[in-house]
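These notes concern the structure reproduced below.
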Amino acid sequence: EKPGAWLSADVTPIPGDIVFFSWDGDDNPEHVGAVLHVDDYNVYTIEGNSSGRVTVNKYPLTSDDIIGYGVLAWQ
């Protein structure tokens, strides 16, 4: 995808994309993480401030908590 683009939650991200989460179901993100890996069903993320530490988490690609992805403008 185009660098600097916003991708909706129904698009499959790639490693390096930023994942935006909304825990309360609205369109305003409360948390972000970096996409580490994607398989057929899940996105694996690296997140800070996750239970007070940096950790790898796994979410279904269809998770209602994911509101979209950001594509970094790499040079």
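The values are calculated or read from the model by the stated rules, or taken from the named source; none is laboratory data. None of the values given here were measured: they were computed from a predicted structure. Methodologically, a virtual Cβ is constructed for each residue, glycine included, from the backbone with ideal geometry; neighbour enumeration extends over all protein chains shown. Just the protein is used for accessible areas: all its heavy atoms, side chains included, with ligands, DNA and RNA removed. Shrake-Rupley method; radii C 1.70, N 1.55, O 1.52, S 1.80 Å.
What is the number of the single condition among (1) at pLDDT 95 or above; (2) surrounded by fewer than 12 Cβ atoms within 10 Å (Cβ to Cβ); (3) acidic (Asp, Glu) that residue 26 does not meet?
Every condition holds for residue 26 apart from (1).
Regarding segment 6-17, can at least one residue be identified that is open to solvent by 30 Å² or more (accessible area, probe 1.4 Å), at pLDDT below 90 and on the phi > 0 side of the Ramachandran plot?
no
Which one is nearest to residue 22 (Cα to Cα), of the residues in segment 32-67 that are open to solvent by less than 30 Å² (accessible area, probe 1.4 Å) and under 10 Å from the mean Cα position of the chain (by Cα)?
66
Please state which of the following conditions residue 73 fails to meet, knowing it meets all the rest: (1) touching a strand residue (DSSP E or B) at 6+ places or on another chain (Cβ under 7 Å); (2) in contact (Cβ under 8 Å) with a residue 40 or more places away in the chain.
(1)
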